[in-house]
Amino acid sequence: MQPDRDNLLFKPNISLNGLIDEKTLPFFLDRLQIVRDGTDELVMELNTQGGGADIARRIALEIRLFGQHSGRRAYCVGKTNVFSAGITILAAFPKDCRFLTEDAVLLIHERRLQDSVQLSGPIKSCLQIVREQLAMLESAEQLEMEGFREFVEGSNMTVEQLFEEAKKSWYLTAEEAMRHSLIAEILR
């Protein structure tokens, strides 16, 4: 049984608002420990313009571990903006535990990378540098697809459809997310 609407909307026990960055993880882990030490279910409020993909992946892992090991449910209410890294976090909650406020907008896009590769030296060394960079990109692509699979689970979208939309930087409203069955309910 899910918490009542007032608890979901107004009484989160973890509230992430702002950029997902290196300060977010220790803040989140501190709050999560308080929830773990108690008996309440996890109720998270999420409002973010995005941020660090790897930090979001770690937060998502902790959410999944909480659900697997605590015997309690974890719920998320996305408010106003759930962009980029926020989608990674939202995807960690089962579809029936994901909610949005009516003003919420989601942004789903491919992971972005800005880097340069300096090749200098023997060809064999340069080839190794290129292979390492390619392996890193392929690993990142695989992790991205796993996150997309998790997000569409239980929806009426396939991971391929989501990926096609993500290539174009897909902004979708709470109503659109509900139409695609990506969330349980819009909270008003």
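Since every read-out is calculated from the coordinates, none of them should be taken as a lab result. Note that the coordinates shown come from a computational prediction; the quantities given were computed from them, not determined experimentally. Don't worry about glycine lacking a Cβ; one is built from the backbone with ideal geometry, like all the others, and counts go over all protein chains shown.
Quick notes
- Qualifying positions in the range 85-110 - farther than 17 Å from ALA184 by Cα and surrounded by fewer than 24 Cβ atoms within 10 Å (Cβ to Cβ): LEU107, HIS109, GLU110
- In the range 12-56, the residues that are among the hydroxyl-bearing types (Ser, Thr, Tyr) and not in a strand (DSSP E or B): THR24, THR39
- For the range 74-110, a residue qualifies if it is among the basic types (Lys, Arg) and in contact (Cβ under 8 Å) with a residue 60 or more places away in the chain, and the qualifying residues are LYS95, ARG98.
- Top-ranked residue of the range 132-169 - restricted to ones that are touching a His at 6+ places or on another chain (Cβ under 7 Å) and not in a helix (DSSP H, G or I), ranked as farthest from ILE55 (Cα to Cα): ASN156
- Subset of the range 20-35 (residues that are surrounded by fewer than 17 Cβ atoms within 10 Å (Cβ to Cβ) and of a type outside the set (Phe, Trp, Tyr)): ASP21, GLU22, LYS23, PRO26, LEU29, ASP30, GLN33, ILE34
- Enumeration of residues in the range 73-117 that are assigned to a helix (DSSP H, G or I) and either more than 17 Å from ILE20 (Cα to Cα) or hydrophobic (A, V, I, L, M, F, W, C) (or both): ALA85, ILE87, ILE89, LEU90, ALA91, LYS95, ASP96, CYS97
- In the range 1-42, residue nearest to the chain's Cα centre (by Cα) [restricted to those that are over 18 Å from TYR75 (Cβ atoms) and among the β-branched types (Val, Ile, Thr)]: ILE20
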